[in-house]
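Structure, as structure tokens:
Throughout, read-outs are computed from the coordinates displayed, never taken from laboratory work. Just so it is clear, the model here is predicted, and its values are computed rather than measured. Counting neighbours? That spans all protein chains shown, and the Cβs are built from the backbone with ideal geometry, glycine included.
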Amino acid sequence: MQRQFDDVLLGSIELFCLAAEAGSFTAAANQAGVTPAAVSRSVARLEQRLGVRLFVRSTRSIRLTEGGSAYYEECRAALGLLAEAERRVSGAQSEPSGTLRISVPTTYGHYRLLPLLPAFRAQYPLIRLEIQISNQNVDLHEERFDFAVRFRAQPESRMVARHLEDAALVVIAHPDYLKRAGTPRTLDDLARHECIEFDLPSTGRPIPWLFRDGGHDLEYHAHGNFRCADDVLGGVALARAGGGLFQTYRFIVEEDLAAGRLVEVLGSYAGRSRPVSLMFPHGKTLPSRARVFIDFLIATLAHSSTPRKSDVRAATVPADRRPD
């Protein structure tokens, strides 16, 4: 094999990646224990070799060019493979380490994922977790996340969706509301009730309520004078305040239901759920810290109270089969 990279070039690639991640030559220099001038020279050396500009520079900041961003992703993956190879050979893979960046919706973050993470850290103390709790979908490639938790698995063709569980749905109301408005017994009764609507962030349209009647799956388009957007917890808060009926995930309100602060209605039409998936880039060799995180979530959620499918699997969902 002919040698293509010398020690200086490999060092330049590492410094380039540090600068791209830090957004600053000075910050990269501090992390690497070199001078900012050394980082600048390394980047200039790469730009000369490649014949492309990697950064747009100003007096206060740097940002990757389009070519620089593409080069960074490839270099980052290559350096990760080298590090993983060293861990495998040395046996250090028994101690997974490094940082995992995870994007998770507010509901699943607060009520499902975050309560599990201290146990994960206790088992893998060398792994650092950065969690973004947001209902806005992130681009894992562009924003450099390792994982994203999503309801209604909708990966692009370059993403892998690992099924975690099925989140059961329930229609809830405050006891005072039911005393005032009565308890609905059938889906037709909903037309006479205050149904709290919720807009799906990805479409901006109200999401239908899901029911099962006699083995048939049904959708009901709820209507009312309250309409929430972006965060499901807004609808739950309104229901807790007696604002009306709301369909939400059982894991959010199970304590309220057990304590009698909320009441489940239309239980004879229950049985529907939405899938929860863990997304990560397709075609990428996962470091040991990512693999143990996947295994931990699946093993832990398998023993949780929320129903989940038994056939947990990894699958790439083609773009032309994504649900709305």
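Of note:
- Residues T99 and A299, FRET efficiency given R0 of 22 Å [Cβ-Cβ distance, rounded to 0.05]: 0.50
- Of all DSSP-defined beta bridges confined to the chain, some 70% are antiparallel rather than parallel.
- Helix 288-302 axis, angle to the chain major axis (alpha carbon atoms, nearest 10°): 10
- Cα gyration tensor shape of segment 58-149, rounded if a/c is under 1.5, else prolate or oblate by comparing a/b with b/c: oblate
- With at most 15 neighbouring Cβ atoms within 10 Å, loop GluC sites (Glu not before Pro) (DSSP) excluded, longest segment of the chain: 144-324
- Computed FRET value (nearest 0.05) for A237 with T59, which takes r as the C-beta separation and R₀ as 56 Å: 0.75
- Within segment 1-50, chymotrypsin sites (Phe, Trp or Tyr not before Pro) in DSSP loop having at most 12 other beta-carbon neighbours inside 10 Å: F5
- Sequence-ordered 3J(HN,Hα) estimates for segment 72-85 from the Karplus curve with 6.51, -1.76 and 1.60 and θ = phi - 60° stand at 4, 4, 5, 5, 4, 5, 5, 5, x, 5, 4, 5, 5, 4 Hz, glycine and proline given as x.
- Between T65 and F55, V56, the built amide H atoms are under 5 Å apart, and every one of these is 5 or more places off in sequence or on another chain.
- Prolate/oblate/rounded label for segment 165-255 (Cα gyration tensor, a/c 1.5): rounded
- Extension gain (nm, one decimal) between E14 and L178, 0.36 nm per residue minus Cα-Cα: 52.7 nm
- With R₀ set to 56 Å, the beta-carbon distance separating E219 from E66 gives a calculated FRET efficiency near 0.85.
- Prolate is the label for segment 1-80, because the ratio a/c of its alpha-carbon gyration tensor axes (a ≥ b ≥ c) is 1.5 or higher and a/b is greater than b/c.
- Within segment 173-289, DSSP assigns beta bridges of which about 65% are antiparallel (rounded to the nearest 5).
- Scattering curve values for the chain, log₁₀ I(q)/I(0), Debye with Cα scatterers, q = 0.13 Å⁻¹: -1.02
- Between helix 36-50 and the chain: long-axis angle, C-alpha atoms, 0 to 90°, nearest 10: 90
- Under 5 Å, built H, 5+ apart or other chain: amide partners of Q132: I102, S103, V104
- For segment 209-252 versus segment 34-53, the inter-centroid distance based on Cα atoms is 55 Å.
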